[in-house]
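The values are calculated or read from the model by the stated rules, or taken from the named source; none is laboratory data. Being a predicted model, the structure only gives us computed values, none of them experimental. Here Cβ is always computed from backbone atoms with ideal geometry, including for glycine, and neighbour counts include all displayed protein chains. Surface areas here come from the heavy atoms of the whole protein model, side chains and all, with no ligands, DNA or RNA. Shrake-Rupley method; radii C 1.70, N 1.55, O 1.52, S 1.80 Å.
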Amino acid sequence: MKIFACAAVAASLLTLAAPASAQFAKPEDAIKYRKNALFVMQQNFGRVSSMASGRTPFDAKVAAESAETAAYMSKLPWAGFMADTDKGETRAKPEIWKEPVKFKEASDKTQAEMSKLAAASKTGNIDQIKTAVAAVGGSCKACHDAFRKE
Ligand code: ASC
């Protein structure tokens, strides 16, 4: 009984802590989910990136909030790359499923760099933000070069 209760609590904690365990009713839902998560991530990252390059005026509060949202969003898309989602409305390359360790490394790298950007943005130091934006951009590009068509 105790073991069962423990397992139930552990399972529910795991669900709360790990959006990667998300389930989808249909492959199309998983594709839509990952695209939308990536879109929200990109919009928030792009806002900070635009400030870092001087294209938009620097607003420390907006940068910090946007970077935090982007960092959170960066945890979500990967659950959507489940089996049988390599066809349909997607530019995902087969390499995602052929080289899952490499894909995991690439997605982990983006999450790690996004966390650093969120931390940098909290300091309000534009030079630290610029450095972190460049590292995030590099991780986006590396993943796209290896795993996205076009
Ligand atoms: C963005 C965006 C990407 C990356 C990439 C960085 O804002 O949409 O895909 O940055 O361009 O090289």
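Entry comment: accessible area of the chain is 62 Å² per residue, from protein heavy atoms only and a probe of 1.4 Å. As a rough guide to protection, the peptides 112-118, 84-90, 54-60 ranked by mean Cβ packing within 10 Å, highest first, stand as 112-118, 84-90, 54-60.
Working from Cα pairs under 8 Å separated by at least six residues, relative contact order for the range 71-150 is 40 percent.
Expressed as a whole percentage, what fraction of the accessible surface of the range 2-147 belongs to carbon and sulfur atoms when a 1.4 Å probe is rolled over the protein heavy atoms? It is 62 percent, rounded to a whole number. Put simply, the C-alpha atoms of the range 58-105 give a gyration tensor, and the ellipsoid matching it has half-axes of 30, 12, 9 Å, longest first. From the largest down, the chain spans 55, 44, 23 angstrom on the principal axes of its Cα atoms. Listed values for the range 53-64 are Karplus-derived 3J(HN,Hα) couplings in whole Hz (6.51 cos²θ - 1.76 cosθ + 1.60, θ = phi - 60°), namely 8, x, 5, 10, x, 6, 10, 4, 5, 5, 4, 5, and x replaces Gly and Pro.
Against the main long axis of the alpha-carbon atoms of the chain, helix 2-17 sits at an angle near 30°. For the chain, adding -39500 (n - 2.57) for each run of n ≥ 4 DSSP H residues and dividing by the number of residues yields -24000 deg cm²/dmol at 222 nm. Multiplying each eigenvalue of the alpha-carbon gyration tensor of the range 73-131 by 5 and taking the square root yields semi-axes of 30, 11, 9 Å, largest first, rounded to whole angstroms. The phi torsions of the range 107-124, fed into the Karplus equation with coefficients 6.51, -1.76 and 1.60 and a -60° offset, translate into couplings of 6, 5, 4, 4, 4, 5, 5, 5, 4, 5, 5, 4, 5, 4, 5, 5, 6, x Hz, rounded to whole numbers, with Gly and Pro shown as x. Kirkwood analysis of the range 24-103, using all unique Cα-Cα pairs, places the hydrodynamic radius at 14.0 Å.
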